[in-house]
Amino acid sequence: MEFKLVTWNINSVRLRINHVEKLLAEHAPDVLCLQEIKCTDDNFPYKALKKAGYEHMAVCGQKGYHGVATVSRIPFTATSSREFCEMGDSRHVSVDLDVPGGLRIHNYYVPAGGDEPDPEKNEKFAHKLNFMGEMRDWYKGHRNKSKARMVLVGDLNVAPLEHDVWGHKQLLKVVSHTPVEVDLLNEVIASHNWVDVMRQFVPEHEKLYSWWSYRAKDWEASNRGRRLDHIWVTPALADAPTSMQVLKEARGWERASDHAPVIATLRL
C-alpha cells in the first residue's frame, strides 16, 4: 500500500485549524502528526478533524504549551505516550496503525533549549540535552531492531548537518546547531540505526530547511532557515520512502506557523 505522512509544528492548532483543514484537503495524507498544539486534550478540535475525514486521534496536550497529536484515516491498534525527564511536559505520542505488517509512529516535540547553549547557565538547554539522552537510551533498549517497522517524526529542534542551516560557521554557537546537540542527535540516530528520510531525497551538500524565524522581516527573501523537523524510519523501512516534500508555501500563509509541513510517501 502507498502511505502518506505529514509532520508539522503547527504552533497552536486552534489558532491555525484553517491551515490544517487546507493541508488535509489539498494533500490528503493518511496520517498527520502535529507538534506544539498548545491546548489540553479536551480543547483539541476533534470535530473539525473528524469532518475532514480523520476519525482516529491520539492527543497528548498541555495548556498553553507544547503538546503533540497524531490524527489518522487509518485505525489505531494501540496508542501510548512517554514522559521524558520527569518534567510533566506533553512531548511524545505513539500510535500503532492497523496496516498489514504493522507500523508504529513516534511523534515528538523536543525542547527548544532557550538561547544560551550552556547547561550550567541555562536549565532549558540542560533539559533539551537530557531529553535527547533519554531518547537515545530508550531506543537502545528496544528489541528486534532489525525487524521493527517504525517511523519517528517531529520537531526535534536540532539542525544536524552543515547544510541544514543557512550559515554553518555562524550558527555553531547558536542553539539548534551546536556540536553538543548535533552529537547527541547522532547518538539518538545510532541507537536504533534510524534512516533520515529527508536526506534520502535531498543530498547532504544541498540546503534543506523546514523552519524560518518570525524575526526576519522577509523570511523568504533572506531564506535564513534551519531544518528542525525530521522524518526517520527504521532499517526495515529503509527502502519504503518514495517521495518527500517540504511544503514551503505554507510558511507564507496568513498568520502562518514558523514551521513548514514535511510530507513523505512510503510504500509499505
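The values are calculated or read from the model by the stated rules, or taken from the named source; none is laboratory data. What you see is a predicted model, and the numbers here were worked out from it, not measured in a lab. Neighbour counts are summed over all protein chains in view; Cβ atoms, including those assigned to glycine, are modelled from backbone coordinates with ideal geometry.
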Among (1) within 27 Å of HIS142 (Cα to Cα); (2) touching a Ser or Thr at 6+ places or on another chain (Cβ under 9 Å); (3) not in a helix (DSSP H, G or I); (4) not basic (Lys, Arg) - the single one SER257 does not satisfy: (1)
Yes/no for LEU171 being part of a loop (DSSP other than H, G, I, E, B) and more than 28 Å from VAL99 (Cβ to Cβ): yes
Region 186-198, residues that are part of a helix (DSSP H, G or I) and surrounded by fewer than 20 Cβ atoms within 10 Å (Cβ to Cβ): ASN186, GLU187, ILE189, ALA190, SER191
Counted residues, region 217-254 - those being in a strand (DSSP E or B) and in contact (Cβ under 8 Å) with a residue 60 or more places away in the chain: 8
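Taking the condition in contact with a helix residue (DSSP H, G or I) (Cβ under 9 Å, 6 or more places away or on another chain), of a type in the set (S, T, N, Q) and farther than 22 Å from PRO203 by Cβ, does ASN157 pass?
Values: in contact with a helix residue (DSSP H, G or I) (Cβ under 9 Å, 6 or more places away or on another chain): yes; of a type in the set (S, T, N, Q): yes; farther than 22 Å from PRO203 by Cβ: yes.
It is true that ASN157 is in contact with a helix residue (DSSP H, G or I) (Cβ under 9 Å, 6 or more places away or on another chain), of a type in the set (S, T, N, Q) and farther than 22 Å from PRO203 by Cβ.
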Looking only at region 99-152, and only at residues there that are surrounded by 14 or more Cβ atoms within 10 Å (Cβ to Cβ) and among the basic types (Lys, Arg), the one that is farthest from VAL233 (Cα to Cα): LYS124
Qualifying residue in region 1-22 (condition: under 26 Å from LEU268 (Cα atoms), at pLDDT below 95 and more than 20 Å from the chain's Cα centre (by Cα)): yes
